[in-house]
1. Assess whether VAL119 counts as being assigned to a helix (DSSP H, G or I), in contact with a Gly (Cβ under 6 Å, 6 or more places away or on another chain), on the phi < 0 side of the Ramachandran plot and among the aliphatic types (A, V, I, L, M).
2. Can you name every residue in region 56-74 that is within 19 Å of VAL114 (Cα to Cα) and either part of a strand (DSSP E or B) or out of contact with any Lys or Arg (no Cβ under 9 Å at 6 or more places or on another chain) (or both)?
3. Which ones in region 7-27 are under 14 Å from the mean Cα position of the chain (by Cα), part of a loop (DSSP other than H, G, I, E, B) and either of a type outside the set (S, T, N, Q) or buried (at least 23 other Cβ atoms within 10 Å of the Cβ) (or both)?
4. Given the conditions (1) under 13 Å from the mean Cα position of the chain (by Cα); (2) farther than 13 Å from ALA154 by Cα, report the number of the one that GLY30 does not fulfil.
5. Within region 35-53, which residues are touching a strand residue (DSSP E or B) at 6+ places or on another chain (Cβ under 9 Å), assigned to a helix (DSSP H, G or I) and within 21 Å of GLU112 (Cβ to Cβ)?
6. Does at least one position in region 30-40 carry a residue that is at pLDDT below 90, hydrophobic (A, V, I, L, M, F, W, C) and surrounded by fewer than 23 Cβ atoms within 10 Å (Cβ to Cβ)?
7. What are the pairs with Cβ atoms under 8 angstrom where one residue, in region 32-55, is within 22 Å of ILE108 (Cβ to Cβ) and hydroxyl-bearing (Ser, Thr, Tyr) and the other, located anywhere, is modelled with pLDDT under 95 and part of a helix (DSSP H, G or I)? Sequence gap at least six, or different chains.
8. What number of residues within region 41-66 satisfy the criterion of being within 15 Å of PRO124 (Cβ to Cβ) and of a type in the set (D, E, K, R)?
Amino acid sequence: MNPAVRTDRAARGPLVIGLGSRDRGDDAVGPAVARTVAAEHPSIAVVEHEDPTALLDLWAGHTPVVVVDAACSGALAGTVHRLETGRTASQVGLGAWARSGHGSTHAIGLAEVVELGRVLGRLPERLVVVGVEAERFDHGAPLSPAVAAAIPAAARCICEALGTTRGEETSRVPR
């Protein structure tokens, strides 16, 4: 875990989760965006994780929660997507994350975890999914140029979802 990524903030407030594997090309965009948010907003709790199934425990009790991940919807690489869901909202639009293990051993993707969380009553009250359209997931590959260039826009999208701007404290986040 990168030292810039913090998990020591007061629990139960806003949480940003960077989902993805750092050594699988564009799958590393979730952790990269999370590190950017952590560097710009020291008061926001941020974690990185590779396994979507861990989300049910990671987001427990937090609200709002933002999960940032690579997406595969067929849009141009680097396109930033945003979807709001939560305990009572629909998951329509999560198709870009369905079974998106990107060559990993995980048979379950973000869309399935969100639906499982809904069925089990373990979704955050407010969940925002931010995705960056990816194009390659080769083991050992760096981020593609289009995806790397989208990191600042994805970080801004997260901050907008949380109601923060550079330097603002999360206590201003609407609940």
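1. For VAL119, the condition - assigned to a helix (DSSP H, G or I), in contact with a Gly (Cβ under 6 Å, 6 or more places away or on another chain), on the phi < 0 side of the Ramachandran plot and among the aliphatic types (A, V, I, L, M) - is not met.
2. LEU58, VAL65, VAL66, VAL67, VAL68, ASP69, ALA70, ALA71, CYS72, SER73 - these are the residues of region 56-74 that are within 19 Å of VAL114 (Cα to Cα) and either part of a strand (DSSP E or B) or out of contact with any Lys or Arg (no Cβ under 9 Å at 6 or more places or on another chain) (or both).
3. PRO14, GLY20, ARG22
4. Only one criterion is unmet by GLY30, namely (2).
5. Scanning region 35-53 gives a single hit, PRO52.
6. no
7. Every condition considered, the pairs that remain are THR53/VAL113.
8. Qualifying residue count for the region: 1.
The values are calculated or read from the model by the stated rules, or taken from the named source; none is laboratory data. From a predicted model like this one, the values you see are computed outputs, not experimental measurements. Positions of Cβ are generated from backbone atoms using ideal geometry, with glycine treated the same way; all protein chains shown enter the neighbour counts.
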